[in-house]
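As structure tokens, the structure follows; a few thoughts come after it.
Readers should treat all values here as calculations from the given coordinates under stated rules, not as data from a laboratory. Worth saying up front: this structure is predicted, and the values here are computed from it rather than measured. For neighbour counting, all protein chains shown are included, and Cβ atoms are generated from backbone atoms with ideal geometry for every residue, glycine included.
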Amino acid sequence: MTTRGITGLAALLAAALAVALAAPAAQAATRTVTLKNIAFNPKKVTIGKGDRVVWRWRDSGIIHNVTSSRFRGSGNRSGGSYGVTFRSAGTYSYRCTLHPGMNGTVVVRR
């Protein structure tokens, strides 16, 4: 390879690296699940790795919780919000232990 070819290749690589470094990093998304009428809405959310799910209590003083064997739960509460950032792909089932049938799923894509 000639000096001219090496110089051209180096310039091309430097330009590609500059573009890659200047590109903004993907920003994590947040999905909201509402607790209302003794139900999670939506019942299932699909997110990417690093995204966050926030549960918001909107059930007029009724106590609920978000409980899962795969992430730390919210504890019992009747208002406010609780959030979890999901860093690993998989399916995460959760439920309210106070209300049978009140359950949901978070699917984290690879």
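Quick check: pseudo-label points 7 Å beyond the Cα along Cα→Cβ at VAL107 and ARG77, how many nm apart are they?
It is 2.8 nm.
Can you give the net charge of the other residues whose Cβ lies under 9 Å from the Cβ of VAL108, counting K and R as +1 and D and E as -1?
Result for the neighbourhood of VAL108: +3.
Roughly what % antiparallel, to the nearest 5, for the DSSP beta bridges in the stretch 30-109?
Counting only bridges with both partners in the stretch 30-109, antiparallel ones make up about 60 percent.
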